[in-house]
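Working notes for the structure below.
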Amino acid sequence: MRKNNTDGRLLTHGLRAMCVANFLLYASVYMLLGVLPAVLAGDSACIYPAFLAGMLFAGPFHAYLADAFKRKNVLLLSYAGVGVTMAAAPYIPETHYAGLALLQGACFALASGAGTTISIDITPSGHRTSSNMLFAFCGRVGMVAGLAAGVWGIGCHPLAWLMYASALLCAVGILLCTTVYVSFRAPIGLRLCSLDRFLLVRAWLPALNVGIWAFCFGIAGASSTSLSASASWRWILLLSVLPLLTPLWVKMFVKLSHHCQRATGNMTFNLLMDGGVIAGLWTMCVTDSPDTLATAALVLAILVFAFATRPYYKKKRVR
């Protein structure tokens, strides 16, 4: 195992490996989330709230898990949990997919959170904001790549093949994570449940703004029936704007956080971003006018940013 470079560089071996692994994690998850409405019809509507519930359930436990156990073990096991749920899906009745989505959402939240924490730990202090921005950017590029791969793959291959491909991406991510050296940190005795590494209350307004913004991109360009493989490329193209803006949002959350809250700020951003996108996907399953909702959400997100979030950020930033 190679120790991470400590000469002050940003792009150490560890950070490169973590960024690629984060790309693969998001690509793995969103490869399926984007196409399920096209292949499962009405049965897919329950998958999205179940996935979100799993993410919310796992969040309050992350700080305790990262303190009580080795952070690298939490990372590897949560990646494995995402991969196993993918690989098991072809052998489980579709009526049980909601339970599988609940478990996968919890594993995904833990994997994303552990990855964020480790990417901070292995980066020299002077480069940590840049590291946060790069790590988040790679995840969002993975999200868009996964959605595009799902749209292409479902037109050429059975759903089971996409599930196996998603599991394989997780397996490659695990191999990359095993090469990252994470130094030992003594436990400090955190509570079982807390907002630490889950929600940054100070950033509630930008978080709300990010959720609205992500929601509009989650449904933009879809047809009135749902996200179908034949009508999704305009949606994928519009969604590709999201990774470009992600570093700016992450920087805002970091500057609203105090010294020991950097990871909490990053995870708050991820929770609201993923929650907004998945809520948009869910909306496609239950509404007849997704384009109207997307336009309204986009206008609202811009107005909130211009007249509320930006002034709030300038007043409350602490870095």
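The values are calculated or read from the model by the stated rules, or taken from the named source; none is laboratory data. Being a predicted model, the structure only gives us computed values, none of them experimental. Neighbour counts are summed over all protein chains in view; Cβ atoms, including those assigned to glycine, are modelled from backbone coordinates with ideal geometry. For the accessible areas, the whole protein counts, side chains as well, though only heavy atoms, and no ligand, DNA or RNA atoms are used. Shrake-Rupley method; radii C 1.70, N 1.55, O 1.52, S 1.80 Å.
Things to note:
- Residue within the range 166-178 that is under 21 Å from Thr246 (Cα atoms), of a type outside the set (Gly, Ala, Ser) and assigned to a helix (DSSP H, G or I) present: no
- Considering the conditions (1) without any contact (Cβ under 8 Å) to a residue 60 or more places away in the chain; (2) farther than 15 Å from Ala263 by Cβ, Ser125 is excluded by exactly one of them, (2).
- Helices (runs of 4 or more DSSP H) wholly inside the range 233-319 that include at least 1 residues being open to solvent by 20 Å² or more (accessible area, probe 1.4 Å) and modelled with pLDDT of 90 or more: 241-255, 262-286, 290-304, 310-316
- Tally, over the range 106-134, of residues that are in contact with a Lys or Arg (Cβ under 8 Å, 6 or more places away or on another chain), buried (at least 24 other Cβ atoms within 10 Å of the Cβ) and either within 11 Å of Ala58 (Cα to Cα) or among the acidic types (Asp, Glu) (or both): 1
- Some residue of the range 182-201 being open to solvent by 10 Å² or more (accessible area, probe 1.4 Å), more than 26 Å from Leu56 (Cβ to Cβ), over 17 Å from the mean Cα position of the chain (by Cα) and modelled with pLDDT of 85 or more: yes
- Test: residue in the range 77-99 that is touching a Cys at 6+ places or on another chain (Cβ under 6 Å), open to solvent by 10 Å² or more (accessible area, probe 1.4 Å) and over 24 Å from Trp161 (Cβ atoms): no
- In the condition set (1) of a type in the set (A, V, I, L, M, F, W, C); (2) open to solvent by less than 30 Å² (accessible area, probe 1.4 Å); (3) modelled with pLDDT of 90 or more; (4) not in a helix (DSSP H, G or I), Val210 is compliant with all but (4).
- Within the range 155-171, the set of residues being among the aliphatic types (A, V, I, L, M) and surrounded by 15 or more Cβ atoms within 10 Å (Cβ to Cβ) comprises Leu159, Leu162, Met163, Ala165, Ala167, Leu168, Leu169, Ala171.
- Residue count, the range 86-116 (criterion: at pLDDT 95 or above and of a type in the set (Ser, Thr, Tyr)): 2
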